[in-house]
Amino acid sequence: MQRKLVITLLGTGLLLAALPVFAHHAFSQEFDINKPLQLKGTLTKWEMINPHSWFHIDVTGPDGKVTEWMIEGGSPNTLIRLGVTKYTVKVGTELTIDAYQAKEGTNKAVGRNFTLPDGSRLFLALSGAVPGGAPDSPQK
Amino acid sequence: MNQRLLMSLGLALLLTCPLAAGQHVLKAGKDAVSIAKTSDKPYVVPKTPDGQPDLQGYWTNNTYTPLERPANVTKEFYTPEEALAAAKKSAEREASQIDSTPGTVNDVHYDFTQFGLDKSQTVLNSNLRTSMITDPPDGKIPPVTDEGKKRAAAKAAQRPPQSATYDMVQNIVIGSRCIYQGAGPPMLPPGYNPGYQIIQGENYVMILIEAGHETRIIPLDGRPHPPKTVREWLGDSRGHWEGNTLVVETTNFNDRVNFRGASENLKVIERFTRTADDTIRYQFTIDDPSTWEKTWSAELPFTKMDGPIFEHACHEGNYGIANTLAGVRAQEKRAAEAAAKKGAQ
């Protein structure tokens, strides 16, 4: 008898970040604790790669000038298992990202929080994500 | 309702509190069944087309069960209620390991929960064991030999000073350089991405390890290990069947793996036994007289999970090394410019 128990849980409480024992590298060496920033931009590319994924966004400044930023995020493997793909996080998605800029000073940063226009947090908001593929994924 | 289901429900409930996710798959391991004294019929192990016990598929060893027994615990198995309390404590500890206060060092990081990397967002297997270690009976790694202590001290003395850890690529730890991320053997759960795929042929077993994308190719034809001069990050594995159990002996580790301080003389014996459609009992014995006063053994379940596994091609996207080194060079440049400016005044 298969005793698989699948329970869908709705997270309603305070969301706490969990740091696994194995962190890939010291992010505070790559990014500057003294350079926090908030970026609002449009997703132009999501590199779903390891050990860390990278989000490319175009940020339009007050003068109308568009600047490209690269934002480091987490390993995409579990997201993919949960059904999150490039079809669920599409190019053109508006993102607000709380970040810390790279110490080397170019337009790179680590994304502390990724927020969608409705205020929900990216990925956690994708409650339609199911193991095996997203509903609008062409593979399914 | 059996104990296993009760425990699964309880775990699911407790995990709603500290951790948030869209979907969880929770299950208890074989130990929970045996402890609960349920009357399952003997499991008939499926066979491959070659007639060998079938271990194939996607598996995970994701668990909150610690390798060593906690200091305040003296028994081998928890009651289901105690297991829930211990798992809750582990989940809370996991949640408290990062301080998300802006401007703190730990805040300079992406959110593990947003990327589903906390343990509760992968199939979580759990059992009533208080530790993975089954021998010695106290659930603790045996004392380290004098030789082992001397070797550890010598290794520590060779490490670059903290200030130079990120100064050059050779000083950065091997995990960050995508060279070796603790794949084993023994195969213990990594911090995240705890997936495995087993494929069998007539004369080989292949185990793909998700974290770090390592592949173990295990010959079953009785060939000897290579000479001692051949040393490998994952060691050299040789397997054979004992009834329904795959037994794998691994030697020839290099001197940089240092599993828990082990020497390159480490020998690992693993035993894989399919105990249910969705469970492999994984046992291992650590044998290294130059490091520990006696051998020690442990056990943990591998539980079925959905595939496929996305390739953890670590080198492919490891921009972090270049960014970190560029950051150090930028800091050095700024310091030199500041010194020159001061000198000119």
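The values are calculated or read from the model by the stated rules, or taken from the named source; none is laboratory data. The structure displayed is predicted, hence computed values, not measured ones. Note: ideal-geometry Cβ built from the backbone for every residue, glycine included; neighbour counts use all protein chains shown. Side chains included, ligands, DNA and RNA excluded: accessible areas come from the protein's heavy atoms. Shrake-Rupley method; radii C 1.70, N 1.55, O 1.52, S 1.80 Å.
By the rule of a C-alpha distance below 14 Å, with chain neighbours fewer than 8 residues away ignored, the aspartates and glutamates paired with A:K45 are A:D58, A:E68, A:E72, A:E94.
Between B:F77 and B:V247, the contour length at 0.36 nm per residue exceeds the Cα-Cα span by 58.6 nm.
Sorting A:I33, B:I133 by solvent-accessible area of protein heavy atoms yields A:I33, B:I133, largest first, with a 1.4 Å probe. Axis of helix B:3-16 versus longest Cα principal axis of chain B: the two differ by about 20°, to the nearest ten degrees. Across B:T273, B:T79, B:T229, the residue with the most accessible area heads the list, and the full order at a 1.4 Å probe is B:T229, B:T79, B:T273.
Taking the longest Cα principal axis of chain B as reference, the axis of helix B:146-158 is set at about 40 degrees. Percent of C-alpha pairs per 5 Å bin in segment B:129-272, short distances first: 2, 8, 14, 18, 20, 17, 12, 6, 2, 1, 0. Summing charges over neighbours of B:T285, with a neighbour being any other residue whose Cβ is under 12 Å away from its Cβ, gives -3 when K and R count +1 and D and E count -1. Comparing B:N318, B:T275, B:N258 along the charge dipole axis of segment B:255-345, the residue lying farthest to the positive side is B:N318, per the Cβ-charge model.
Think of each Lys and Arg Cβ as +1 and each Asp and Glu Cβ as -1; about the Cα centre, that makes the dipole of chain B roughly 680 debye.
Within the shell of other residues whose beta carbon sits under 15 angstrom from the beta carbon of B:S237, the net charge comes to -1, with Lys and Arg scored +1 and Asp and Glu -1. Measuring between alpha carbons in the structure, the pairs from A:K103/B:K342; B:K75/B:K149; A:K35/A:K108 lying more than 19 angstrom apart are A:K103/B:K342; B:K75/B:K149. In chain B, the longest principal axis of the Cα atoms and the axis of helix B:319-344 are about 20 degrees apart.
For segment B:69-209, the fraction of C-alpha pairs farther apart than 20 angstrom is 70 percent. Placing B:E92, A:E30, B:E232 in order of accessible area, with the largest value first and a 1.4 Å probe, yields B:E92, B:E232, A:E30. Cβ-Cβ distance of B:T104 and B:D277, R₀ of 45 Å, FRET efficiency by 1/(1 + (r/R0)^6): the value works out to about 0.45. The mean sequence separation of alpha-carbon pairs under 8 Å and at least six residues apart, normalised by the residue count of segment B:187-338, gives a relative contact order of 14 percent.
Between B:R256 and A:L116, the distance separating the two model label sites (each 7 Å from Cα on the Cα→Cβ line) works out to 4.4 nm.
Shielding value for B:175-185 is 2, the average number of Cβ atoms from other chains within 10 Å of each residue's Cβ.
Between B:N171 and B:A157, the contour length at 0.36 nm per residue exceeds the Cα-Cα span by 3.7 nm. Full extension of the chain between B:R93 and B:D221 gives 41.6 nm of extra length, using 0.36 nm per residue less the Cα-Cα distance. Each Lys and Arg contributes +1 and each Asp and Glu -1, all at the Cβ; summed about the Cα centre of segment B:45-142, the dipole is approximately 200 debye.
Report summary: the helix-based calculation at 222 nm, which adds -39500 (n - 2.57) for every DSSP H run with n ≥ 4 and divides by the residues of chain B, gives -7000 deg cm²/dmol. The smallest convex shape that holds all Cα atoms of chain B, its convex hull, gives 178 Å³ per residue. Across peptide B:47-55, the average count of Cβ atoms from other chains found within 10 Å of a residue's Cβ is 0. Within 10 Å of the Cβ of each residue in A:105-117, the mean number of Cβ atoms contributed by other protein chains is 3. A probe of 1.4 angstrom, applied to the heavy atoms of all protein chains, finds B:D277 with accessible area near 90 square angstrom. Taking Cα centre as origin and charging only the Cβ of basic (Lys, Arg, +1) and acidic (Asp, Glu, -1) residues, the dipole magnitude of segment B:261-335 rounds to 320 debye.
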